[in-house]
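As structure tokens, the structure follows; a few thoughts come after it.
The values are calculated or read from the model by the stated rules, or taken from the named source; none is laboratory data. All values reported here derive from a predicted model rather than from experimental measurement. Using ideal geometry, Cβ is built from the backbone for each residue, glycine included, and neighbour counts are taken over all protein chains shown. To get the accessible areas, we keep the full protein, side chains included, count just its heavy atoms, and leave off ligands, DNA and RNA. Shrake-Rupley method; radii C 1.70, N 1.55, O 1.52, S 1.80 Å.
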Amino acid sequence: MEIIKTALCSYGLSGKVFHAPFINLHPGFELIGSWERSKKLIQEDYPDVKSYSSLEALIGDEQVELIVVNTPTYTHYEYSKEALIAGKHVVVEKAFTTTVTEAKELKKLAQEKQKKLSVYQNRRWDSDFQTVKTIIQLGLLGDIIEAEFHFARYKPTLSHKQHVELPGPGAGIIKDLGPHLIDQALHLFGMPNAVFADMRITRAGSQIDDYFELILYYEKLRVKLKASFLVREPVPSYIIHGTKGSFLKSRADAQEDKLRAGMKPNTYDWYTEPESEYGLLHTEKDGKVIREKVKSSQGSYLGYYDEVYKSIVHGQPIPVTAEDGINVMQIIEAAIKSNNEQKVIAV
């Protein structure tokens with residue numbers, strides 16, 4: 001089996017929780033190491049890997065074939081560009097970049113270098129979203145008329161990470177949680193015709209937007225995307241209404257919580273939701289009205305890396321393409337413009 005030697009640009013929360021466990025688990029990857037600026041932690045978890053002292057040392061390591069750019073958003077363009085120029089495949093965290101222009105430049109560069117470039121939109125592999133996707137694809141709701149996606153958390157205090165809370169090109173909830181919701185909506189429904197956005201600051205002392213509500217306008221469909229840090233009692237995270245019926249689903253995927261707690265993923269039961277979190281389907285099937293709970297689909301971020309492997313080694317389509325990333329950035333820029341001008345913006 002061909003092995004893809006892979007290195008991370010950071011071993012903080014993102015590297016430790018979302019990337020290293022799955023790279024280490026997949027038989028087609030070998031975790032080579034990570035760039036670590038101050039804390040040297042990766043060798044505590046993976047004793048045989050390297051701790052690079054600089055980005056130049058990481059990129060200059062000839063054995064590294066794939067680089068995961070999992071540093072703050074404002075660095076994504078620069079680090080991804082350097083990696084592509086050096087002839088590496090690249091996986092870059094969300095938000096893809098800080099601007100549409102940067103995103104398009106990276107796509108062009110990857111094409112010129114004939115290297116794979118993918119945005120790490122792991123929430124496509126959440127059990128809850130996989131369930132919603134299945135319900136829609138099976139046509140159980142008829143034609144979709146209205147959809148609401150919520151990403152609600154209760155975090156009234158500000159983060160200790162300055163790059164997260166200080167104004168800057170990569171800051172704000174629209175570039176933090178926004179890419180997850182937007183990518184999921186575009187993955188299901190495609191690009192909208194127009195966008196309207198309401199963005200504001202709600203937490204005491206915050207200097208960046210920490211609330212947004214977006215409306216994506218399609219010909220017959222409306223999709224509402226909403227994120228907030230001040231929701232103690234969340235509503236269903238997915239509310240889908242169609243010509244035949246409705247589907248309500250909680251955001252119940254617990255992969256992140258389990259990984260944060262130190263659990264390691266496996267290939268047998270990762271991740272299965274409890275019955276208490278099954279979605280509610282109220283629709284008409286074979287001429288009969290039904291209202292029942294639906295077993296959740298399996299979730300696993302390993303699915304993302306499996307598709308990356310098949311793309312690099314077997315030439316299959318890359319999961320979450322650069323074009324997908326560009327589309328998300330176009331919606332974000334339209335949303336910011338809409339909020340500033342208080343009007344609907346054509347996409």
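One residue alone among Ser250, Ser228 is open to solvent by less than 60 Å² (accessible area, probe 1.4 Å) and closer than 23 Å to Leu158 by Cα, and that residue is Ser228.
Quick grid of which residues meet (1) open to solvent by less than 10 Å² (accessible area, probe 1.4 Å); (2) out of contact with any His (no Cβ under 8 Å at 6 or more places or on another chain):
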position	(1), (2)
Tyr79	no, yes
Gln114	no, yes
Tyr120	yes, no
Thr131	yes, yes
Leu141	yes, no
Glu146	no, no
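The set of residues from segment 233-247 being modelled with pLDDT of 95 or more, open to solvent by 30 Å² or more (accessible area, probe 1.4 Å) and in a loop (DSSP other than H, G, I, E, B) comprises Pro236, Thr243, Lys244. Within segment 81-101, the residues that satisfy the criterion of being within 20 Å of Ile182 (Cα to Cα) and crowded, with 19+ Cβ neighbours inside 10 Å are Val91, Val92, Glu93, Lys94, Ala95, Phe96, Thr97, Thr98, Val100. Scanning segment 1-58 for residues being open to solvent by 30 Å² or more (accessible area, probe 1.4 Å) and among the aliphatic types (A, V, I, L, M) gives a total of 6.
Does Ile318 satisfy the condition of being out of contact with any helix residue (DSSP H, G or I) (no Cβ under 7 Å at 6 or more places or on another chain) and either assigned to a loop (DSSP other than H, G, I, E, B) or over 25 Å from Phe212 (Cβ atoms) (or both)? Spelling it out, it is not the case that Ile318 is out of contact with any helix residue (DSSP H, G or I) (no Cβ under 7 Å at 6 or more places or on another chain) and either assigned to a loop (DSSP other than H, G, I, E, B) or over 25 Å from Phe212 (Cβ atoms) (or both). One residue stands out in segment 262-302 among those that are in contact with a strand residue (DSSP E or B) (Cβ under 9 Å, 6 or more places away or on another chain) and of a type in the set (A, V, I, L, M, F, W, C): the one that is surrounded by the most Cβ atoms within 10 Å (Cβ to Cβ), namely Leu281. Within segment 310-321, restricting attention to residues that are open to solvent by less than 10 Å² (accessible area, probe 1.4 Å) and under 13 Å from the mean Cα position of the chain (by Cα), the residue that is nearest to Asp183 (Cα to Cα) is Val320.
Each residue in segment 23-82 was checked for being in contact with a Ser or Thr (Cβ under 9 Å, 6 or more places away or on another chain) and of a type in the set (S, T, N, Q), and 7 of them qualify.
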